[in-house]
Amino acid sequence: MDFPYRLTGGNNLKVHLAIQQERFLGASANVLAMVQGWRRPAEVIVIGCHHDAWGYGAADPCAGTICLLEAANCVAQLTKQGIWPERSIVFAAWGAEEFGIIGSTEWVEGHDAEMGEKIVSYVNLDMAAMGPNLSFALTPELTQVAKDCAAMTPAAGDPSVSALSVMLNNNKSDTLFGTLGGGSDHVGFVCRLVVPAISISAGGSQGTSYHSNYDTTAWYRATVGENYEPALMVTRATLSFMALMSNQKWTPYQYGEIGRLGLKALDGLTQFAKTDKEKSALEILRPMLITLQTQGELVDAGILKDQPQNPHAEQRLITGMRRFTKAFKDDAGLPDRPWYRNLWVATDPSNSYSASVFPMIQEALQANDPQRLEVAIERTADAIQRASAAAELMLQGLRPSTSPGQ
Ligand SMILES: [Zn+2]
(Lines give C-alpha, C1' and ligand atoms only; values in the text may rest on other atoms or scores of the structure.)
Protein backbone atom coordinates (compact mmCIF):
# COMPACT_ATOMS: atom_id res chain seq x y z
CA MET A 1 0.00 0.00 0.00
CA ASP A 2 1.16 3.51 -0.72
CA PHE A 3 1.96 4.84 2.78
CA PRO A 4 5.12 4.69 4.94
CA TYR A 5 5.66 1.77 7.28
CA ARG A 6 7.62 2.54 10.49
CA LEU A 7 9.15 -0.06 12.71
CA THR A 8 10.20 1.10 16.17
CA GLY A 9 12.17 -0.93 18.73
CA GLY A 10 15.77 -0.19 17.83
CA ASN A 11 18.56 -2.43 16.61
CA ASN A 12 17.85 -5.22 19.05
CA LEU A 13 14.30 -5.64 17.98
CA LYS A 14 13.38 -9.27 17.38
CA VAL A 15 10.36 -10.09 15.33
CA HIS A 16 8.70 -13.48 15.45
CA LEU A 17 6.61 -14.14 12.42
CA ALA A 18 4.34 -17.13 12.16
CA ILE A 19 2.67 -18.01 8.90
CA GLN A 20 -0.14 -20.46 8.92
CA GLN A 21 -0.82 -21.89 5.51
CA GLU A 22 -2.75 -25.00 4.80
CA ARG A 23 -1.64 -27.25 1.95
CA PHE A 24 -4.22 -29.63 0.62
CA LEU A 25 -5.43 -31.17 -2.59
CA GLY A 26 -8.82 -29.78 -3.51
CA ALA A 27 -11.20 -30.04 -6.41
CA SER A 28 -11.75 -27.30 -8.96
CA ALA A 29 -13.84 -27.36 -12.11
CA ASN A 30 -13.98 -25.88 -15.56
CA VAL A 31 -17.52 -24.83 -16.42
CA LEU A 32 -18.16 -24.77 -20.16
CA ALA A 33 -21.14 -23.97 -22.35
CA MET A 34 -21.31 -24.24 -26.12
CA VAL A 35 -23.53 -22.56 -28.68
CA GLN A 36 -23.38 -24.60 -31.86
CA GLY A 37 -22.73 -22.57 -34.99
CA TRP A 38 -25.41 -23.03 -37.65
CA ARG A 39 -23.19 -22.71 -40.73
CA ARG A 40 -19.68 -23.79 -39.65
CA PRO A 41 -20.17 -25.73 -36.42
CA ALA A 42 -16.73 -27.37 -36.59
CA GLU A 43 -15.00 -23.99 -36.31
CA VAL A 44 -14.94 -22.74 -32.74
CA ILE A 45 -14.33 -19.47 -30.90
CA VAL A 46 -13.48 -19.98 -27.22
CA ILE A 47 -14.11 -17.15 -24.74
CA GLY A 48 -12.75 -17.73 -21.26
CA CYS A 49 -12.09 -16.24 -17.85
CA HIS A 50 -11.12 -18.01 -14.65
CA HIS A 51 -13.65 -18.21 -11.82
CA ASP A 52 -11.33 -19.17 -8.95
CA ALA A 53 -9.40 -16.70 -6.81
CA TRP A 54 -6.89 -16.27 -4.01
CA GLY A 55 -9.55 -14.43 -2.08
CA TYR A 56 -12.67 -14.17 -4.18
CA GLY A 57 -12.24 -10.61 -5.41
CA ALA A 58 -14.26 -7.91 -7.15
CA ALA A 59 -11.33 -7.28 -9.51
CA ASP A 60 -9.84 -10.75 -9.72
CA PRO A 61 -11.66 -12.69 -11.06
CA CYS A 62 -15.07 -10.95 -10.93
CA ALA A 63 -14.23 -8.02 -13.23
CA GLY A 64 -13.66 -10.57 -15.99
CA THR A 65 -16.19 -13.20 -14.99
CA ILE A 66 -19.10 -10.73 -15.10
CA CYS A 67 -18.18 -9.85 -18.72
CA LEU A 68 -18.00 -13.54 -19.65
CA LEU A 69 -21.37 -14.29 -18.06
CA GLU A 70 -23.04 -11.25 -19.58
CA ALA A 71 -21.65 -12.06 -23.05
CA ALA A 72 -22.98 -15.63 -22.70
CA ASN A 73 -26.32 -14.28 -21.50
CA CYS A 74 -26.58 -11.98 -24.56
CA VAL A 75 -25.87 -14.87 -26.93
CA ALA A 76 -28.43 -17.03 -25.10
CA GLN A 77 -31.04 -14.25 -25.51
CA LEU A 78 -30.29 -14.06 -29.24
CA THR A 79 -30.66 -17.82 -29.71
CA LYS A 80 -34.09 -17.60 -28.05
CA GLN A 81 -35.00 -15.18 -30.84
CA GLY A 82 -33.71 -17.67 -33.41
CA ILE A 83 -30.41 -15.83 -34.06
CA TRP A 84 -27.44 -18.18 -33.98
CA PRO A 85 -23.75 -17.55 -34.72
CA GLU A 86 -22.31 -19.09 -37.89
CA ARG A 87 -19.34 -20.60 -36.05
CA SER A 88 -19.60 -22.36 -32.70
CA ILE A 89 -18.86 -20.47 -29.51
CA VAL A 90 -17.59 -22.01 -26.29
CA PHE A 91 -17.88 -20.00 -23.07
CA ALA A 92 -15.41 -21.25 -20.49
CA ALA A 93 -15.18 -20.36 -16.80
CA TRP A 94 -11.82 -21.87 -15.92
CA GLY A 95 -10.98 -23.38 -12.55
CA ALA A 96 -7.67 -23.35 -10.67
CA GLU A 97 -6.06 -20.52 -12.64
CA GLU A 98 -4.45 -18.92 -9.61
CA PHE A 99 -2.72 -22.17 -8.70
CA GLY A 100 -0.76 -22.39 -11.94
CA ILE A 101 -3.22 -21.94 -14.83
CA ILE A 102 -4.29 -25.52 -14.19
CA GLY A 103 -7.91 -25.64 -15.37
CA SER A 104 -7.41 -24.22 -18.86
CA THR A 105 -4.11 -26.06 -19.30
CA GLU A 106 -5.75 -29.39 -18.49
CA TRP A 107 -8.56 -28.59 -20.93
CA VAL A 108 -6.10 -27.62 -23.67
CA GLU A 109 -4.04 -30.77 -23.17
CA GLY A 110 -7.12 -32.99 -22.98
CA HIS A 111 -8.70 -31.50 -26.12
CA ASP A 112 -5.52 -31.04 -28.17
CA ALA A 113 -6.36 -33.70 -30.78
CA GLU A 114 -10.07 -32.88 -30.90
CA MET A 115 -9.99 -29.06 -30.75
CA GLY A 116 -6.47 -28.00 -31.75
CA GLU A 117 -7.40 -27.61 -35.41
CA LYS A 118 -10.92 -26.33 -34.81
CA ILE A 119 -10.36 -23.28 -32.61
CA VAL A 120 -10.22 -20.18 -34.80
CA SER A 121 -9.53 -17.88 -31.87
CA TYR A 122 -9.37 -17.68 -28.10
CA VAL A 123 -10.51 -14.63 -26.11
CA ASN A 124 -9.25 -14.12 -22.54
CA LEU A 125 -11.01 -11.84 -20.06
CA ASP A 126 -9.02 -12.04 -16.81
CA MET A 127 -9.65 -8.96 -14.55
CA ALA A 128 -11.02 -7.42 -17.69
CA ALA A 129 -13.00 -4.39 -16.51
CA MET A 130 -10.63 -2.25 -14.47
CA GLY A 131 -11.03 1.23 -15.95
CA PRO A 132 -12.20 3.32 -18.91
CA ASN A 133 -9.41 2.51 -21.38
CA LEU A 134 -9.95 -0.51 -23.63
CA SER A 135 -6.80 -2.41 -24.51
CA PHE A 136 -5.85 -5.60 -26.29
CA ALA A 137 -2.90 -7.93 -26.24
CA LEU A 138 -2.99 -10.34 -29.14
CA THR A 139 -1.34 -12.56 -31.69
CA PRO A 140 -0.63 -10.74 -34.99
CA GLU A 141 -3.40 -12.38 -37.07
CA LEU A 142 -6.03 -10.64 -34.95
CA THR A 143 -4.72 -7.06 -35.33
CA GLN A 144 -7.25 -5.81 -37.89
CA VAL A 145 -10.28 -7.53 -36.37
CA ALA A 146 -9.30 -6.06 -32.99
CA LYS A 147 -9.26 -2.56 -34.51
CA ASP A 148 -12.64 -3.18 -36.13
CA CYS A 149 -13.99 -4.46 -32.84
CA ALA A 150 -12.74 -1.38 -30.94
CA ALA A 151 -14.26 0.86 -33.63
CA MET A 152 -17.65 -0.83 -33.12
CA THR A 153 -17.50 -0.50 -29.33
CA PRO A 154 -18.72 2.71 -27.63
CA ALA A 155 -16.22 4.17 -25.14
CA ALA A 156 -16.96 3.58 -21.46
CA GLY A 157 -19.28 6.31 -20.25
CA ASP A 158 -19.30 8.20 -23.58
CA PRO A 159 -21.24 6.52 -26.38
CA SER A 160 -20.56 9.49 -28.70
CA VAL A 161 -17.00 8.22 -29.32
CA SER A 162 -15.63 4.77 -30.05
CA ALA A 163 -13.29 2.87 -27.78
CA LEU A 164 -10.85 2.89 -30.72
CA SER A 165 -10.67 6.69 -30.84
CA VAL A 166 -9.96 6.82 -27.09
CA MET A 167 -7.33 4.11 -27.61
CA LEU A 168 -5.67 6.06 -30.46
CA ASN A 169 -5.70 9.29 -28.42
CA ASN A 170 -4.05 7.60 -25.45
CA ASN A 171 -1.52 5.61 -27.46
CA LYS A 172 2.03 6.88 -27.23
CA SER A 173 3.97 3.98 -28.73
CA ASP A 174 4.27 2.85 -32.35
CA THR A 175 2.19 -0.25 -31.71
CA LEU A 176 -1.42 -0.05 -30.66
CA PHE A 177 -1.67 -3.51 -29.12
CA GLY A 178 0.41 -5.57 -26.72
CA THR A 179 1.90 -9.00 -27.25
CA LEU A 180 0.34 -11.86 -25.30
CA GLY A 181 2.68 -13.03 -22.57
CA GLY A 182 1.84 -15.28 -19.66
CA GLY A 183 0.07 -15.27 -16.35
CA SER A 184 -3.42 -16.20 -17.47
CA ASP A 185 -5.54 -18.75 -19.26
CA HIS A 186 -4.51 -17.80 -22.81
CA VAL A 187 -1.12 -19.49 -22.30
CA GLY A 188 -2.26 -22.99 -23.25
CA PHE A 189 -4.04 -21.70 -26.36
CA VAL A 190 -1.15 -19.55 -27.58
CA CYS A 191 1.88 -21.55 -26.50
CA ARG A 192 0.57 -25.12 -26.69
CA LEU A 193 -2.22 -25.25 -29.29
CA VAL A 194 -0.85 -22.28 -31.28
CA VAL A 195 -4.18 -20.63 -32.01
CA PRO A 196 -4.80 -16.91 -32.66
CA ALA A 197 -5.69 -15.30 -29.34
CA ILE A 198 -6.61 -11.97 -27.81
CA SER A 199 -6.87 -10.65 -24.29
CA ILE A 200 -9.58 -8.01 -23.98
CA SER A 201 -9.33 -5.71 -21.00
CA ALA A 202 -9.90 -2.15 -19.85
CA GLY A 203 -7.69 -0.30 -17.40
CA GLY A 204 -6.70 3.15 -16.31
CA SER A 205 -7.93 3.25 -12.72
CA GLN A 206 -5.47 4.18 -9.99
CA GLY A 207 -4.12 1.47 -7.73
CA THR A 208 -4.70 -2.23 -7.51
CA SER A 209 -6.02 -4.64 -4.94
CA TYR A 210 -5.85 -8.00 -6.61
CA HIS A 211 -4.63 -11.12 -4.83
CA SER A 212 -5.41 -9.43 -1.51
CA ASN A 213 -8.24 -9.18 0.98
CA TYR A 214 -8.69 -5.54 -0.07
CA ASP A 215 -10.15 -6.72 -3.38
CA THR A 216 -13.75 -6.03 -2.39
CA THR A 217 -16.82 -4.60 -4.10
CA ALA A 218 -16.39 -1.44 -1.98
CA TRP A 219 -12.80 -1.06 -3.28
CA TYR A 220 -13.94 -1.71 -6.86
CA ARG A 221 -16.78 0.82 -6.69
CA ALA A 222 -14.55 3.45 -5.06
CA THR A 223 -11.65 2.91 -7.47
CA VAL A 224 -13.04 1.77 -10.82
CA GLY A 225 -16.44 3.38 -10.48
CA GLU A 226 -20.00 2.98 -9.34
CA ASN A 227 -21.54 2.51 -12.75
CA TYR A 228 -19.77 -0.57 -14.19
CA GLU A 229 -19.31 1.22 -17.55
CA PRO A 230 -15.91 -0.51 -18.13
CA ALA A 231 -17.58 -3.91 -17.73
CA LEU A 232 -20.28 -2.90 -20.19
CA MET A 233 -17.62 -1.76 -22.67
CA VAL A 234 -15.59 -4.98 -22.33
CA THR A 235 -18.73 -7.09 -22.75
CA ARG A 236 -19.66 -5.15 -25.89
CA ALA A 237 -16.10 -5.49 -27.24
CA THR A 238 -16.21 -9.23 -26.56
CA LEU A 239 -19.54 -9.58 -28.36
CA SER A 240 -18.33 -7.45 -31.29
CA PHE A 241 -15.19 -9.54 -31.60
CA MET A 242 -17.28 -12.70 -31.45
CA ALA A 243 -19.67 -11.44 -34.12
CA LEU A 244 -16.83 -10.42 -36.46
CA MET A 245 -15.07 -13.72 -35.90
CA SER A 246 -18.09 -15.99 -36.19
CA ASN A 247 -20.17 -14.54 -39.00
CA GLN A 248 -17.85 -13.95 -41.93
CA LYS A 249 -17.10 -16.57 -44.54
CA TRP A 250 -13.34 -16.14 -44.17
CA THR A 251 -12.08 -15.81 -40.62
CA PRO A 252 -10.96 -12.16 -40.49
CA TYR A 253 -7.27 -12.76 -39.94
CA GLN A 254 -4.64 -10.24 -41.00
CA TYR A 255 -1.70 -11.98 -42.68
CA GLY A 256 0.78 -9.14 -43.28
CA GLU A 257 1.22 -8.25 -39.64
CA ILE A 258 3.35 -11.18 -38.52
CA GLY A 259 6.08 -10.33 -41.07
CA ARG A 260 6.08 -6.68 -40.02
CA LEU A 261 6.23 -7.51 -36.31
CA GLY A 262 8.80 -10.21 -37.02
CA LEU A 263 11.11 -7.62 -38.57
CA LYS A 264 10.65 -5.42 -35.51
CA ALA A 265 11.45 -8.33 -33.22
CA LEU A 266 14.50 -9.14 -35.33
CA ASP A 267 15.79 -5.58 -34.79
CA GLY A 268 15.38 -6.11 -31.05
CA LEU A 269 17.27 -9.41 -31.16
CA THR A 270 20.06 -7.83 -33.21
CA GLN A 271 20.49 -5.16 -30.56
CA PHE A 272 20.51 -7.83 -27.90
CA ALA A 273 23.16 -9.91 -29.72
CA LYS A 274 26.65 -9.38 -28.35
CA THR A 275 28.92 -10.40 -31.22
CA ASP A 276 29.06 -9.55 -34.91
CA LYS A 277 28.88 -13.26 -35.65
CA GLU A 278 25.56 -13.51 -33.82
CA LYS A 279 24.28 -10.38 -35.55
CA SER A 280 25.17 -11.65 -39.01
CA ALA A 281 23.68 -15.08 -38.26
CA LEU A 282 20.38 -13.38 -37.44
CA GLU A 283 20.39 -11.52 -40.76
CA ILE A 284 19.41 -14.68 -42.64
CA LEU A 285 15.89 -14.14 -41.30
CA ARG A 286 15.49 -10.59 -42.63
CA PRO A 287 14.78 -11.34 -46.33
CA MET A 288 12.47 -14.17 -45.29
CA LEU A 289 10.45 -11.84 -43.07
CA ILE A 290 10.32 -9.14 -45.75
CA THR A 291 8.96 -11.73 -48.20
CA LEU A 292 6.46 -12.96 -45.61
CA GLN A 293 5.25 -9.42 -44.94
CA THR A 294 4.82 -8.73 -48.67
CA GLN A 295 2.99 -12.00 -49.29
CA GLY A 296 0.80 -11.47 -46.22
CA GLU A 297 -0.13 -7.94 -47.32
CA LEU A 298 -1.01 -9.24 -50.79
CA VAL A 299 -3.30 -11.83 -49.20
CA ASP A 300 -4.88 -9.15 -46.99
CA ALA A 301 -5.59 -6.96 -50.01
CA GLY A 302 -6.65 -9.94 -52.17
CA ILE A 303 -9.23 -11.25 -49.71
CA LEU A 304 -10.99 -7.88 -49.72
CA LYS A 305 -11.48 -7.81 -53.49
CA ASP A 306 -11.14 -11.33 -54.91
CA GLN A 307 -13.01 -14.53 -54.36
CA PRO A 308 -11.74 -18.00 -55.28
CA GLN A 309 -13.04 -18.83 -58.74
CA ASN A 310 -13.77 -22.51 -58.23
CA PRO A 311 -13.87 -25.14 -55.46
CA HIS A 312 -10.25 -26.10 -56.14
CA ALA A 313 -9.08 -22.51 -55.65
CA GLU A 314 -11.27 -22.19 -52.56
CA GLN A 315 -9.67 -25.29 -51.08
CA ARG A 316 -6.23 -23.76 -51.62
CA LEU A 317 -7.29 -20.64 -49.80
CA ILE A 318 -8.77 -22.60 -46.90
CA THR A 319 -5.74 -24.91 -46.58
CA GLY A 320 -3.39 -21.92 -46.77
CA MET A 321 -5.30 -20.11 -44.02
CA ARG A 322 -5.15 -23.11 -41.73
CA ARG A 323 -1.45 -23.71 -42.39
CA PHE A 324 -0.62 -20.05 -41.89
CA THR A 325 -2.00 -19.94 -38.35
CA LYS A 326 -0.10 -23.14 -37.47
CA ALA A 327 3.16 -22.23 -39.24
CA PHE A 328 5.04 -21.44 -36.02
CA LYS A 329 3.88 -24.62 -34.30
CA ASP A 330 6.87 -26.89 -33.80
CA ASP A 331 6.05 -30.12 -32.01
CA ALA A 332 9.60 -30.50 -30.66
CA GLY A 333 8.92 -27.40 -28.56
CA LEU A 334 11.43 -25.03 -27.01
CA PRO A 335 14.68 -26.76 -25.94
CA ASP A 336 14.31 -26.18 -22.19
CA ARG A 337 10.53 -26.08 -22.25
CA PRO A 338 9.22 -28.66 -24.72
CA TRP A 339 5.62 -28.06 -23.63
CA TYR A 340 5.87 -24.66 -25.38
CA ARG A 341 5.37 -25.36 -29.08
CA ASN A 342 4.98 -21.85 -30.49
CA LEU A 343 8.20 -20.53 -32.07
CA TRP A 344 6.58 -17.12 -32.64
CA VAL A 345 5.89 -16.25 -29.02
CA ALA A 346 6.26 -17.71 -25.54
CA THR A 347 6.03 -16.49 -21.99
CA ASP A 348 9.28 -14.92 -20.85
CA PRO A 349 10.88 -17.34 -18.35
CA SER A 350 12.35 -14.45 -16.33
CA ASN A 351 9.00 -12.64 -16.04
CA SER A 352 6.06 -14.86 -16.76
CA TYR A 353 3.70 -11.93 -17.44
CA SER A 354 5.88 -10.77 -20.36
CA ALA A 355 6.14 -12.18 -23.83
CA SER A 356 9.19 -13.18 -25.75
CA VAL A 357 8.97 -13.05 -29.56
CA PHE A 358 11.11 -15.64 -31.37
CA PRO A 359 11.67 -17.24 -27.94
CA MET A 360 13.99 -19.98 -29.13
CA ILE A 361 16.43 -17.44 -30.56
CA GLN A 362 16.14 -15.16 -27.56
CA GLU A 363 16.92 -18.02 -25.18
CA ALA A 364 19.88 -19.17 -27.29
CA LEU A 365 21.33 -15.63 -27.24
CA GLN A 366 20.84 -15.47 -23.49
CA ALA A 367 22.64 -18.81 -23.10
CA ASN A 368 25.64 -17.55 -25.15
CA ASP A 369 25.58 -20.85 -27.00
CA PRO A 370 26.53 -20.59 -30.73
CA GLN A 371 25.38 -24.10 -31.54
CA ARG A 372 22.06 -23.58 -29.87
CA LEU A 373 21.67 -20.27 -31.71
CA GLU A 374 22.33 -21.97 -35.04
CA VAL A 375 19.58 -24.54 -34.38
CA ALA A 376 17.21 -21.84 -33.11
CA ILE A 377 17.68 -19.73 -36.24
CA GLU A 378 17.25 -22.78 -38.44
CA ARG A 379 14.01 -23.90 -36.80
CA THR A 380 12.62 -20.36 -36.72
CA ALA A 381 13.54 -19.95 -40.41
CA ASP A 382 11.65 -23.18 -41.16
CA ALA A 383 8.59 -21.76 -39.41
CA ILE A 384 8.80 -18.49 -41.39
CA GLN A 385 9.06 -20.50 -44.59
CA ARG A 386 6.04 -22.61 -43.63
CA ALA A 387 4.12 -19.33 -43.20
CA SER A 388 5.42 -18.12 -46.58
CA ALA A 389 4.36 -21.33 -48.32
CA ALA A 390 0.91 -21.03 -46.72
CA ALA A 391 0.62 -17.41 -47.89
CA GLU A 392 1.63 -18.48 -51.41
CA LEU A 393 -1.09 -21.14 -51.37
CA MET A 394 -3.65 -18.51 -50.36
CA LEU A 395 -2.46 -16.22 -53.17
CA GLN A 396 -2.88 -19.09 -55.64
CA GLY A 397 -6.41 -19.59 -54.33
CA LEU A 398 -7.20 -15.90 -54.85
CA ARG A 399 -5.65 -15.55 -58.31
CA PRO A 400 -8.26 -15.53 -61.06
CA SER A 401 -6.10 -17.87 -63.15
CA THR A 402 -6.21 -20.75 -60.66
CA SER A 403 -7.93 -23.60 -62.44
CA PRO A 404 -8.62 -27.17 -61.30
CA GLY A 405 -5.69 -28.37 -63.39
CA GLN A 406 -3.02 -26.26 -61.69
ZN1 LIG B 1 -6.96 -13.51 -12.41
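Looking at Glu109, Glu86, Glu98, which one is surrounded by fewer than 20 Cβ atoms within 10 Å (Cβ to Cβ) and more than 30 Å from Tyr210 (Cα to Cα)?
Answer to the check: Glu86.
Search the range 116-128 for residues being farther than 18 Å from Leu239 by Cβ and more than 10 Å from the ligand (Cβ to nearest atom), and hand back the single one that is modelled with the lowest pLDDT.
Gly116
I need the helices (runs of 4 or more DSSP H) fully contained in the range 257-322, keeping only those with at least 1 residues that are under 18 Å from Pro196 (Cα atoms), outside the structural domain of Gln144 (by TED's automatic domain parsing) and modelled with pLDDT of 95 or more. Write out each step before concluding.
Numbers: elements: 257-272, 276-282, 285-305.
Answer list for the range 257-322: 257-272, 285-305.
Within 15 Å of the ligand (Cβ to nearest atom) and open to solvent by 10 Å² or more (accessible area, probe 1.4 Å): does that describe Thr216? Give the derivation first.
Numbers: within 15 Å of the ligand (Cβ to nearest atom): no; open to solvent by 10 Å² or more (accessible area, probe 1.4 Å): yes.
Judged against the criteria, Thr216 is not a match.
Determine, yes or no, whether Val195 is part of a helix (DSSP H, G or I), crowded, with 19+ Cβ neighbours inside 10 Å and more than 16 Å from the ligand (Cβ to nearest atom). Don't jump to the end; show me each part of the working.
Details: part of a helix (DSSP H, G or I): no; crowded, with 19+ Cβ neighbours inside 10 Å: yes; more than 16 Å from the ligand (Cβ to nearest atom): yes.
Spelling it out, it is not the case that Val195 is part of a helix (DSSP H, G or I), crowded, with 19+ Cβ neighbours inside 10 Å and more than 16 Å from the ligand (Cβ to nearest atom).
Which number in (1) assigned to a loop (DSSP other than H, G, I, E, B); (2) touching a residue at least 40 places away in the same chain (Cβ under 8 Å); (3) surrounded by fewer than 20 Cβ atoms within 10 Å (Cβ to Cβ) marks the one condition that Met34 misses?
(1)
Name the residues in the range 61-115 that are touching an Asp or Glu at 6+ places or on another chain (Cβ under 9 Å), in a strand (DSSP E or B) and more than 16 Å from the ligand (Cβ to nearest atom), would you?
Arg87, Ser88
Go through the range 116-173 and report how many residues are within 30 Å of Asp331 (Cα to Cα) and assigned to a loop (DSSP other than H, G, I, E, B).
Residues of the range 116-173 within 30 Å of Asp331 (Cα to Cα): 116-126, 136-146.
Then keep just the ones that are assigned to a loop (DSSP other than H, G, I, E, B); that gives 116-118, 125-126, 139.
Final tally of qualifying residues: 6.
When the range 329-351 is examined, which residues are found to be assigned to a loop (DSSP other than H, G, I, E, B), open to solvent by 20 Å² or more (accessible area, probe 1.4 Å) and over 10 Å from Val190 (Cα atoms)?
Passing the criteria: Asp330, Asp331, Ala332, Pro335, Asp336, Pro338, Trp339, Pro349, Ser350.
Looking only at the range 37-48, which residues are closer than 10 Å to Ile89 by Cβ and surrounded by 21 or more Cβ atoms within 10 Å (Cβ to Cβ)?
Val44, Ile45, Val46, Ile47
Take Ser356 and tell me if it is under 30 Å from Phe99 (Cβ atoms) and within 23 Å of the chain's Cα centre (by Cα). Give the steps one after another, and end with the answer.
Working: under 30 Å from Phe99 (Cβ atoms): yes; within 23 Å of the chain's Cα centre (by Cα): yes.
It is true that Ser356 is under 30 Å from Phe99 (Cβ atoms) and within 23 Å of the chain's Cα centre (by Cα).
The values are calculated or read from the model by the stated rules, or taken from the named source; none is laboratory data. Fair warning: this is a prediction, and the values are worked out from it, not measured in the lab. Reconstructed Cβ throughout: ideal geometry from the backbone, glycine too, with neighbour counts over all protein chains shown. Note: accessible area is taken over every heavy atom of the protein model, side chains too, but ligands, DNA and RNA are not part of it. Shrake-Rupley method; radii C 1.70, N 1.55, O 1.52, S 1.80 Å.
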